[in-house]
Number of protein chains: 2
Amino acid sequence: MVSQVRRFNRIVTQRVGALEDRFLARDHSLGEARMLWEIGPEGRDVRSLRTGLGLDSGYVSRLLRSLEAARLVTVGASDTDKRIRNVRLTAAGSVERAVLDDRAERRAESLLAPLTPVQRVRLVAAMADVERLMTAAMVEMAPIDPSDPRAQYCLRSYIRELNLRFESGWDPSRSISAAEAELRPPSGIFLLASLHGNPIGCGAIKFHGEEPAEIKRMWVSDSARGLGIGRRLLNDLEAQGAAHGTSTFRLETNRALQEAINLYRSSGYVEVAPFNDEPYAHHWFEKRIAGPAK
Amino acid sequence: MVSQVRRFNRIVTQRVGALEDRFLARDHSLGEARMLWEIGPEGRDVRSLRTGLGLDSGYVSRLLRSLEAARLVTVGASDTDKRIRNVRLTAAGSVERAVLDDRAERRAESLLAPLTPVQRVRLVAAMADVERLMTAAMVEMAPIDPSDPRAQYCLRSYIRELNLRFESGWDPSRSISAAEAELRPPSGIFLLASLHGNPIGCGAIKFHGEEPAEIKRMWVSDSARGLGIGRRLLNDLEAQGAAHGTSTFRLETNRALQEAINLYRSSGYVEVAPFNDEPYAHHWFEKRIAGPAK
DNA sequence: GAATTTCTCTGACTATAGTCAGAGAATGGA
DNA sequence: TCCATTCTCTGACTATAGTCAGAGAAATTC
């Protein structure tokens, strides 16, 4: 498997890497072209360019001066905070960006051009698979404090979604509690899934001493469905729980969340009699896992 | 389709491009690392390094001096031609190369690591597809003179293969002629398929004035089977023939070449009564194509 | 045997893509 | 109000990855 990955890397850097970057730039240096691209039609502030491209502030500044000298962008102070500077494309800058875009388009076409129609369809399908799975591989999971803004964002999204999907809406106060303090060590664990630093999913454990631990707040962003994030969150939560000495997990869920129910079933959760009086639940699940490795 | 290709390019350069190159080098510059890699355990002459990596001779020379200074390679004159210099890895150089190899291996593993087993299998399969089809897309087809060494290589390979696969072997002199002069404009056309400059397939046309043209010498290297090269050669030959005013093509083939027979059938060739007395043929095919575009 | 070509090397340059250390202006918190 | 912090900018540097023009030695061609 690994050797296939390496062969893939070789071929793809030959064809995509070499062409994509260098070829697109041409009239500008690669750095300028990337910057022009990243600024986008709406304009952007310098700070977000810096973090977005991962460049040194001095370097970004210099690139902007050179784009400014070429009359491709204008840089002005932001209205709200005069330390922050805002970059916008000039008319010429927009044209230039369109040219870059057009080149990328042609590059992509030229990659498909030599193939037969059947091969094209197969290649594009395989590319979609690779893209999806590589994106999945870039998702990072890490425990964070439930008061962290990223955790809060996930929890708000979770509430919004449940409220939308449950037939009767969802009122967290009528439901069994999962307050911040309950999801923070040592009472619990809050796990965040993020892609490029942006939160895209979460899951939590609420420990009950010797009693089975509860899985709570499992949520995956719409934009990240189908990447297996839910399964990985569940796996990681179980592993964390196991490290904490827990060998039995419980959870309850609403019949509206069919994909979650499928996930639990296929992850080894077995439906059991109701073990609590959660008003929004239709299904109660339990799973025993092997104890922590010797 | 094109937008999928572009999304693929973006993701893949992010993940493969950025990591692969820079990450591997570490102790050396990227140029040195690439060179170390390309030299290989067997050693190589400077010339092939230069063409293989596509670098300026001065630059290659400088890189070699720096590797030599680090005692990773030795450079000595070739036995047969004292202008040519031979590069070999020292013991330390081999160790260093193994370290690079190991890093590439780990990189590849780390790409798979976050995925579930099912996802890994899917990703690797999709990568194999992409690799195969991108390789196919890199194959170039161009008419060349049949006396060109690359054409000669293909023709020799063709003869060897037919001799091997025909039940009774193959003696070109008993077969209908397809001499160099017959496959060269204006009498004919010889089309070469090459990958990275190396010949991997060929096909030819022998014109007969107003009479149907003959397709001859269709061959694809073992190493390039399954890439659709045969079909593209045939397509291109027909297009060339059409541009030359030919609208009917004929060919005959031996029953041992089943994959070729399938190719002809699925490309619109219809089996017809024998139109010549080729002693090695079991099937005769014909195809009429639309005239050249208005 | 002379002229030409091939192969590698050196020296002198260049552009790109940075990094690092401050400085100055604006903002936010105590 | 003052102090620390944030944000951007400039100046001074560096490493990498080249390019280009020739020179010298060996081989090939005429």
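Among the residues making up the range B:218-241, those that are more than 21 Å from A:Pro117 (Cα to Cα) and either part of a loop (DSSP other than H, G, I, E, B) or open to solvent by less than 10 Å² (accessible area, probe 1.4 Å) (or both) are B:Ser221, B:Gly241. The residue pairs whose first member lies in the range A:256-274 and is within 11 Å of A:Trp284 (Cβ to Cβ), whose second member is among the hydrophobic types (A, V, I, L, M, F, W, C), and whose beta carbons are closer than 6 Å, counting only pairs six or more residues apart or on different chains, are A:Tyr264/A:Phe285; A:Tyr269/A:Phe285; A:Glu271/A:Phe285; A:Val272/A:Trp284; A:Pro274/A:Trp284. Reported count of residues in the range B:86-120, each being part of a loop (DSSP other than H, G, I, E, B) and either crowded, with 16+ Cβ neighbours inside 10 Å or within 16 Å of DNA strand D (Cβ to nearest atom) (or both), is 2. Evaluated against (1) within 11 Å of DNA strand C (Cβ to nearest atom); (2) of a type in the set (Gly, Ala, Ser); (3) without any contact (Cβ under 8 Å) to a residue 12 or more places away in the chain, B:Ser110 falls short on exactly one condition, (1).
Report the residue count in the range B:242-260 for those that are touching a helix residue (DSSP H, G or I) at 6+ places or on another chain (Cβ under 6 Å) and either among the aromatic types (Phe, Trp, Tyr) or assigned to a helix (DSSP H, G or I) (or both). Talk me through it step by step, then tell me what you get.
Going residue by residue through the range B:242-260, those that are touching a helix residue (DSSP H, G or I) at 6+ places or on another chain (Cβ under 6 Å) are B:253, B:256.
Now drop any that are not either among the aromatic types (Phe, Trp, Tyr) or assigned to a helix (DSSP H, G or I) (or both), which leaves none.
Matching residues across the range B:242-260 total 0.
In this entry, B:Ile205 is excluded by the filter for residues that are over 21 Å from A:Val118 (Cβ atoms), open to solvent by 10 Å² or more (accessible area, probe 1.4 Å) and among the β-branched types (Val, Ile, Thr). Taking the conditions (1) within 14 Å of the chain's Cα centre (by Cα); (2) in the same structural domain as B:Tyr280 (by TED's automatic domain parsing) in turn, B:Thr135 satisfies each one other than (2). The residue list A:Arg71, A:Arg26 contains one member that is away from DNA strand D (no atom under 12 Å from the Cβ), more than 10 Å from every other protein chain (Cβ to nearest Cβ), within 23 Å of A:Ala91 (Cβ to Cβ) and at pLDDT below 90, which is A:Arg26.
With respect to being farther than 19 Å from B:Glu161 by Cβ and modelled with pLDDT of 90 or more, B:Phe285 fits the description. When the residues of the range B:40-84 are filtered to those that are in contact with a helix residue (DSSP H, G or I) (Cβ under 7 Å, 6 or more places away or on another chain) and free of Cβ contacts under 8 Å to residues at least 12 places away in the same chain, the one that is surrounded by the fewest Cβ atoms within 10 Å (Cβ to Cβ) is B:Ser57. Considering only residues in the range B:110-120 that are more than 31 Å from the chain's Cα centre (by Cα) and more than 7 Å from chain A (Cβ to nearest Cβ), the one that is nearest to A:Met127 (Cα to Cα) turns out to be B:Val118. Any idea which residue in the range B:121-166 is most open to solvent (accessible area, probe 1.4 Å), counting only those that are within 14 Å of chain A (Cβ to nearest Cβ) and outside any helix (DSSP H, G or I)? Filtering the range B:121-166 for residues that are within 14 Å of chain A (Cβ to nearest Cβ) and outside any helix (DSSP H, G or I), the one most open to solvent (accessible area, probe 1.4 Å) comes out as B:Glu140.
If only one of B:Arg71, B:Arg83, B:Arg65, B:Arg50 is over 30 Å from A:Met134 (Cα atoms), within 13 Å of DNA strand C (Cβ to nearest atom) and outside any helix (DSSP H, G or I), which one is it? Answer to the selection: B:Arg83. Of the residues A:Pro212, A:Pro199, A:Pro186, the single one that is on the phi < 0 side of the Ramachandran plot and either without any contact (Cβ under 8 Å) to a residue 12 or more places away in the chain or assigned to a loop (DSSP other than H, G, I, E, B) (or both) is A:Pro186.
The values are calculated or read from the model by the stated rules, or taken from the named source; none is laboratory data. Bear in mind the structure is a predicted one, so any value in this text is a computation, not a measurement. No Cβ is skipped: glycine too gets one built from the backbone with ideal geometry, and neighbour counts run over all protein chains shown. Surface accessibility is based on the protein's heavy atoms, side chains included, excluding ligands, DNA and RNA. Shrake-Rupley method; radii C 1.70, N 1.55, O 1.52, S 1.80 Å.
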